[in-house]
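Worksheet: one structure, shown below.
The values are calculated or read from the model by the stated rules, or taken from the named source; none is laboratory data. Quick caveat, the model's predicted, so the values are computed rather than measured. Note that each Cβ is placed from the backbone with ideal geometry, even for glycine, and that neighbours are counted across all protein chains shown. The accessibility values were calculated without ligands, DNA or RNA, using every heavy atom of the protein model including side chains. Shrake-Rupley method; radii C 1.70, N 1.55, O 1.52, S 1.80 Å.
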Amino acid sequence: MRRKEKRLLQFAGLLIAALLFLPNVGLWSLYRDRVFENSPEIVEGPGGIPQIQGVNVRPQKDAQVGRDGMRRKDWHDYEAIRRDAARSGNGEQGKPFPLTDTDRVDQAYRENGFNIYVSDRISLNRSVADIRHPNCKQKLYGEKLPNTSIIIPFHNEGWSSLLRTVHSVLNRSPPELIAEVILVDDFSDKEHLKGSLEEYMVRLPKVRILRTKKREGLIRTRLLGAAAANGEVITFLDSHCEANINWLPPLLDRIADNRKSIVCPMIDVIDHDNFGYETQAGDAMRGAFDWEMYYKRIPIPSELTKDDSSEPFESPVMAGGLFAVDRKWFWELGGYDTGLEIWGGEQYEISFKVWMCGGRMEDIPCSRVGHIYRKYVPYKVPGGVSLARVFTFGWREDIRVGGPMHTKKVCFDAISHNSPVTLYDCHGLKGNQLWRYRKDKSLYHPISNSCIDSNPTERKVFMNTCDPSVPSQQWLFEKTNTTILETFNRNSN
Ligand code: UD2
Ligand code: MN
């Protein structure tokens with residue numbers, strides 16, 4: 001009996017202590033939240049620089065000279081950061097807007113594919129949370145950086161979403177780095193994008209408005225802006241974006257380092273319902289595409305993961321809309337193919353060109369820009385021009401396993417242990433189209449118990465008895481995911 005009571009007492013004691021002192025549940029947490037809300041605590045950060053919540057409160061005094069002889073400085077605008085941190089209200093600090101059922105009506109989404117009622121009730125100068133990697137807060141960039149023209153194509157964009165894009169750029173970029181902001185209207189018919197927009201922009205002398213003479217689609221609209229641009233660099237943004245803290249210097253710095261660079265910010269998600277601002281799932285990833293040319297984000301392969309994940313990394317293809325490029329290099333690359341219609345595919349064209357022409361394409365973790373991913377495409381596509389089916393692969397000597405994602409495409413098919421390997425519509429029934437990747441680098445066909453062999457002179461692939469010592473049965477698998485392959489091999493037993 002006594003032992004039980006003692007235990008009970010001990011337990012109650014522990015509970016009280018936990019409530020008082022544990023950092024995230026205890027009373028201390030209430031105190032801390034209040035303190036941080038009212039008067040953020042100033043602490044000493046790395047290099048003895050005072051910080052509030054991990055953000056420096058004044059610039060590191062002098063530019064520093066790096067080993068390469070380059071002078072670098074702290075480009076943060078601490079005054080603006082403080083101003084932003086002090087803002088409160090709907091959607092401030094990138095918080096979701098408290099939606100009611102009346103805000104959710106279809107009508108709110110119809111014109112833009114995102115909730116314009118909510119957008120209209122959030123300040124054009126709203127603050128967003130600084131969700132950068134902590135290391136970004138200490139980084140220095142070239143003291144002299146090229147300036148940039150910001151090019152924003154738009155077609156029937158919402159008033160508040162368009163203006164918030166412009167305000168966020170002007171609010172969060174060093175003025176000397178912005179040569180101009182060029183809004184390029186792709187033949188919108190909405191009234192608010194005509195006289196009212198022009199009147200509004202009179203107060204923002206850096207902003208110019210250009211208009212296409214007919215509906216051109218986003219690619220030729222961007223080209224019109226690029227042709228009119230004066231900046232040393234051109235930076236493209238969609239018409240429904242929000243630039244995050246210090247987004248621009250990290251981009252321009254990489255171009256200053258190598259003018260043949262195309263650099264992309266991390267694209268964050270502005271929720272199309274409530275306008276909450278957060279990272280994409282998995283945050284930093286590389287751009288890739290599948291056999292249908294659908295853009296995909298894939299994890300950064302281990303060879304490329306650096307110790308410091310706030311450092312730039314190379315990406316095969318970009319998402320499309322948000323990037324900076326040296327203006328002259330853009331034209332040396334030939335700009336975009338002017339035959340690209342309305343929407344889509346242009347990101348592959350520019351990505352392939354930059355890699356094939358000796359340039360590089362990078363994603364820059366310390367540069368973040370939010371983008372509203374729409375719920376659906378709200379605009380009309382004239383003449384039913386197909387979107388994004390721009391490329392096809394003519395070459396089909398690939399191994400296409402008839403998995404559920406590719407059931408309508410062509411797959412390698414073999415009917416016997418010595419037949420040629422043919423391409424046949426994927427039927428998804430495994431059987432003749434089932435292949436296994438083997439560790440000895442061969443491609444094994446379980447149903448015929450044989451392996452793919454090749455005759456390079458006759459450009460033929462055929463089935464043969466498996467023999468790991470035969471070089472023509474050895475296939476080179478580049479960058480395979482062993483875990484997925486092993487799971488696949490196990491499941492297909
Ligand atoms: C993505 C890209 C987008 C573009 C597109 C096509 C991001 C964040 N977005 O789709 O930039 O690369 O893929 O590959 O990477 N617009 C016009 N005329 C038109 C249609 C659109 O000017 O006929 C404008 C539109 O207002 C916007 C931009 O072009 O500013 C991109 O269009 P979107 O926002 O509909 O494309 P998105 O974000 O779905
Ligand atoms: Mn967009």
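Selection of first residues in region 209-220 that are under 19 Å from ILE150 (Cα atoms) and of second residues that are near ligand 1 (Cβ under 7 Å from one of its atoms) and among the charged types (D, E, K, R), restricted to Cβ pairs under 8 Å at least 6 apart or on distinct chains, gives the following pairs, ordered by first then second residue: THR212/ASP186; GLY217/ASP186; LEU218/ASP186; LEU218/GLU346; ILE219/GLU346. Open to solvent by 30 Å² or more (accessible area, probe 1.4 Å) and within 16 Å of ligand 2 (Cβ to nearest atom) - does that describe any residue in region 279-289? Yes, region 279-289 has at least one match. Screening THR392 on (1) of a type in the set (S, T, N, Q); (2) more than 10 Å from ligand 1 (Cβ to nearest atom); (3) modelled with pLDDT of 80 or more shows it passes everything except condition (3). When the criteria are applied in full, ILE270 fails the requirement of being within 16 Å of ligand 2 (Cβ to nearest atom) and farther than 21 Å from GLU242 by Cα.
Checking the stated criteria, THR212 turns out not to satisfy the condition of being closer than 23 Å to ASN112 by Cβ, modelled with pLDDT of 95 or more and open to solvent by less than 10 Å² (accessible area, probe 1.4 Å).
Looking across region 225-235 at every residue that is closer than 16 Å to LEU251 by Cβ and open to solvent by less than 10 Å² (accessible area, probe 1.4 Å), the one that is nearest to ligand 2 (Cβ to nearest atom) is identified as THR235. Of all the numbered requirements in (1) within 16 Å of ligand 1 (Cβ to nearest atom); (2) open to solvent by 10 Å² or more (accessible area, probe 1.4 Å); (3) of a type in the set (Lys, Arg), ARG222 misses one, and that requirement is (2).
Counting only strands (runs of 3 or more DSSP E) wholly contained in region 212-290, the ones carrying 1 or more residues that are of a type in the set (Val, Ile, Thr) occupy 233-236, 261-270. For region 353-381, the set of residues classified as closer than 22 Å to ASP337 by Cα and of a type in the set (Gly, Ala, Ser) consists of GLY358, GLY359, listed by residue number. Of GLU314, GLU362, GLU346, all but one fail to be within 16 Å of ligand 2 (Cβ to nearest atom) and either surrounded by 19 or more Cβ atoms within 10 Å (Cβ to Cβ) or at pLDDT 90 or above (or both); the exception is GLU346.
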